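Worksheet for the structure shown next.
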Amino acid sequence: MFFLQLRMWLLMAVLFAIVYAVVAMVAASMGVSNFYFYLAFSFVLMFIQYLIGPKMVEWSMRVRYIKREDNPKIYGMVEDLARRANLPVPRICISPVAIPNAFAFGRGVRDGRVCVTEGITRLLSDEELKAVLGHELTHIKSRDVLTITLLSVIPMIMYRLAWHFLFYGGGRRDRGNNTALIGLVAFIFYFITNLLVLYASRIREYFADRGSVEMGNRPEALASALYKLVYGAARLDKATLKEAEGLKAFFLNDPSRAINEIRELSQLDLDNSGTIDPYELAAMRNKNLHLNFGDHMMESLSTHPNMLKRIKHLSELAGHKLS
């Protein structure tokens, strides 16, 4: 757990250094050379994202906040898990999106919000749903919702800067070579920061899976939930999946990869029951995964870990729990 958290903080430091470097280059090209200006402007960009992030999620997913009387079952699950995690009970909401999934968002522990889609409430058993909610509460407890929200704005800034300086010259056509160079550097940093943010997102998923198990949820319940979410997303048409394309980093799994993942995961369901039981998870623990170059490339460009690796991680958690 410590090393996962350390990696997240190192990524934060690297990404902020990149933002600072690009802001410094842009400001220098405009004749501004004050160190404190660069520093303040970099923080302002992140603070704006911090303020508007939750509202953007609410608007994109059309969330509806609920009270206990609206859905006693889900409210009770979140309340119980929050007590186990020693957290304030987060605000709970439901999204009308058909994609079966759940996510956490907000500005911090005291502003945490947990959202489930209508699709997930029709697909999972109570035990599986509770394991998913434990995963989301771990995101809130570890504050990585805020971390990813802040980090995700950095590639966007790099992209906008690259586009502006490459195609519009930054408004200083007398410095054509310099502006083109800044645009090229910003584009390279866009590619690098995007990969780093994706890596950070994958780290947080392993961290949250572990946190759900530590709250008392069974690893096989979370593994079954992941299996069902992949299956549910694989059945949807592309237009439905595009509804939440910009927010899939917040989801429990990446719905856009469901078609490929269902072929892999179906091999784990030995009795074709539609779930992964303790024996099937134990069998996974004793297997060696052999991923090809394409699998590794696909994972490096994804917000979520390779699903077989993730289930393997859950099988190892189950082994520790039994020992």
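The values are calculated or read from the model by the stated rules, or taken from the named source; none is laboratory data. All values derive from a computational prediction rather than experimental measurement. No Cβ is skipped: glycine too gets one built from the backbone with ideal geometry, and neighbour counts run over all protein chains shown.
Output the residue which, of all residues in region 158-192 that are among the β-branched types (Val, Ile, Thr) and within 17 Å of Val14 (Cα to Cα), is modelled with the lowest pLDDT.
The residue in question is Val185.
Mind checking which residues of region 80-120 are touching a helix residue (DSSP H, G or I) at 6+ places or on another chain (Cβ under 6 Å), under 16 Å from Lys141 (Cβ atoms) and in contact (Cβ under 8 Å) with a residue 60 or more places away in the chain?
Once the filter is applied, which keeps residues that are touching a helix residue (DSSP H, G or I) at 6+ places or on another chain (Cβ under 6 Å), under 16 Å from Lys141 (Cβ atoms) and in contact (Cβ under 8 Å) with a residue 60 or more places away in the chain, region 80-120 yields Leu81, Ala85, Ala102, Phe103, Ala104, Phe105.
Just a yes or no: is a residue in region 215-235 among the hydroxyl-bearing types (Ser, Thr, Tyr), within 22 Å of Arg113 (Cβ to Cβ), in contact (Cβ under 8 Å) with a residue 24 or more places away in the chain and crowded, with 19+ Cβ neighbours inside 10 Å?
No.
Residues being under 22 Å from Asn217 (Cβ atoms), without any contact (Cβ under 8 Å) to a residue 24 or more places away in the chain and out of contact with any strand residue (DSSP E or B) (no Cβ under 8 Å at 6 or more places or on another chain): count how many of those fall in region 62-79.
So the count comes out to 4.
Give, as residue ranges, the helices (runs of 4 or more DSSP H) completely inside region 179-270 that count at least 1 residues that are on the phi < 0 side of the Ramachandran plot and of a type in the set (Phe, Trp, Tyr).
219-234
Looking for something modelled with pLDDT under 90, in the same structural domain as Phe165 (by TED's automatic domain parsing), buried (at least 16 other Cβ atoms within 10 Å of the Cβ) and aromatic (Phe, Trp, Tyr) - is there at least one such residue anywhere in region 31-48?
yes
Yes/no matrix, rows are residues, columns are (1) under 19 Å from Leu151 (Cα atoms); (2) in contact with an Asp or Glu (Cβ under 9 Å, 6 or more places away or on another chain):
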{"site": "Tyr50", "(1), (2)": "yes, no"}
{"site": "Val57", "(1), (2)": "yes, no"}
{"site": "Arg83", "(1), (2)": "no, no"}
{"site": "Asn86", "(1), (2)": "no, no"}
{"site": "Val97", "(1), (2)": "no, yes"}
{"site": "Asn101", "(1), (2)": "no, no"}
{"site": "Gly106", "(1), (2)": "yes, no"}
{"site": "Thr121", "(1), (2)": "no, no"}
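Name the one entry in Leu314, Leu281, Leu291 that is over 18 Å from Ala234 (Cα atoms) and modelled with pLDDT under 85.
Numbers: Leu314 fails: modelled with pLDDT under 85; Leu281 fails: modelled with pLDDT under 85.
The conditions single out Leu291.
Can you work out which of the residues in region 236-257 that are farther than 18 Å from Val116 by Cβ and under 16 Å from the mean Cα position of the chain (by Cα) is modelled with the highest pLDDT?
In this case the residue turns out to be Arg257.
For region 311-323, indicate whether the set of residues that are over 21 Å from the mean Cα position of the chain (by Cα), among the small types (Gly, Ala, Ser), part of a loop (DSSP other than H, G, I, E, B) and farther than 17 Å from Leu123 by Cα is non-empty.
Within region 311-323 (the criterion being over 21 Å from the mean Cα position of the chain (by Cα), among the small types (Gly, Ala, Ser), part of a loop (DSSP other than H, G, I, E, B) and farther than 17 Å from Leu123 by Cα), the answer is yes, since at least one residue qualifies.
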